[in-house]
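Report on the following structure.
What follows draws every value from the coordinates through simple rules; no lab data is involved. Keep in mind that this is a model prediction, so the values were computed, not measured. As a convention, Cβ positions derive from the backbone with ideal geometry for all residues, glycine included, and neighbour counts pool all protein chains shown.
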Amino acid sequence: MRINFIVPPLGQSGGTMVVQRYVNELDKRGHDVRVYLPLTGLGLHRYSGKLMNCAHDIYSFFKGIIEIAKHPEKGKFVFSGSSRSIRDADVIIATAWPTAYLVNNLPNSKGKKFYFVQDFEVWDNQRLGLGSYQLPLKKIVISNWINQQLISNLGIGPFPIVYNGLDMPSESLAPHKDPYAVLMLNHSLEKKGIPYGVDAFRKAQKKIPTLHLTMFGLNDQSNLPQDLHIEYYQNPSQRKLNYLYDISSVFIFPSIEEGWGMTPLEAMAHGDIVVGTDAGFANELGRDKFNMLKSKPKDPIDMANNIIEVVNNNHLQTILRNNALNTVAELNWDNSVTRFEKLLQ
């Protein structure tokens, strides 16, 4: 098949990494795959004022230019999403709500139109985000939670689900696990619940002073409290991130809502105990006191109690760690790509 992916010019993220993995795996299977990154014309409409939206479009444009400079191998970069810029193909896939409008407006010669939905994207612009899911595109979602949101908010679905794959680590990069090392993702989106996770750690540290927190993320640490010592890594390499997973014992997953959640699953694969909310993957694969410890979203007290409990209970750690490893072992990229490929066909 000739397959075109359209990705937004917003830099690296978990979602774009998933798309890139599908691109690489489909290419290995003999498909003719091309990635298009439009540099103009998407318009996230994130702000109420026209001037701010214009400034954000300019910012996205230059961020796209940086992507080209850093990753020229990623695909074909175009300055617009016009029909002339995109080749004819068998399949064309939107990967975020602004790209859904672009794909919908292309002629049918560009291929069967799909929308790969990795989250319920209504934080930039609720009206346009919701509208994108009502476009006549074939949808593929990554979780039942996304289907639930589409059904309850728009009365559409359910759509085929393809869980994200996961790479199991071949070896540990750390000499041993630090029993008091806690790891957490940092993110600028409110729905990620970062203040609640930090607060939970702070409360747990008062009971166990030897606990220490490491965080990582694409953004800087300006959103984090200055009075709490946090070892921080901005945009770490995959090797460095794997080391952080390997040396840590607890991973905090404080999301209020989540399309899936790659990092806690990666942490499980490295033997970390996930203490988190019943959001994203945890709603489907997570079982409280079986393969993780769950709290309600926005409940740092309960989450702190779970951190304290697991750090002080070696027997519980063993149960959770073994069951978590068995859970993530069922997620592999070969199965995910096979299902994705069949849906495209």
For the chain: relative contact order, % (alpha-carbon pairs under 8 angstrom, 6 or more apart)
14 percent
If Lys and Arg each add +1 and Asp and Glu each add -1, what is the summed charge of the other residues whose beta carbon sits under 13 Å from the beta carbon of residue 283?
-2
Modelled label reach - residue 202, point 7 Å along Cα→Cβ, the stretch 277-318 residues with backbone N closer than 13 Å:
300-301
If you average the C-alpha positions of the stretch 243-293 and of the stretch 107-185 separately, how far apart do those two centres end up, in angstrom?
16 Å
Residue 239 neighbourhood, Cβ < 15 Å, K/R = +1, D/E = -1, net charge -3
Which three extents, in whole angstrom, do the alpha-carbon atoms of the chain cover along their principal axes, largest first?
62, 44, 41
Which of 116, 281, 62 fluctuates most in a GNM of the chain (C-alpha springs under 10 Å)? That residue is 62
Return the long-range amide H neighbours of residue 112 (sequence gap of 5 or more, or a different chain), with a cut-off of under 5 Å between placed amide H atoms.
91, 92
What distance in nm lies between label points placed 7 Å from Cα along the C-beta direction at residue 318 and residue 144?
3.2 nm
Please report the antiparallel percentage of DSSP beta bridges with both residues in the stretch 242-345, rounded to the nearest 5.
0 percent
If amide H atoms are modeled at 1.01 Å from N in the peptide plane, then the residues at a separation of 5 or more from residue 292, or on another chain, having amide H under 5 Å from its own are 287
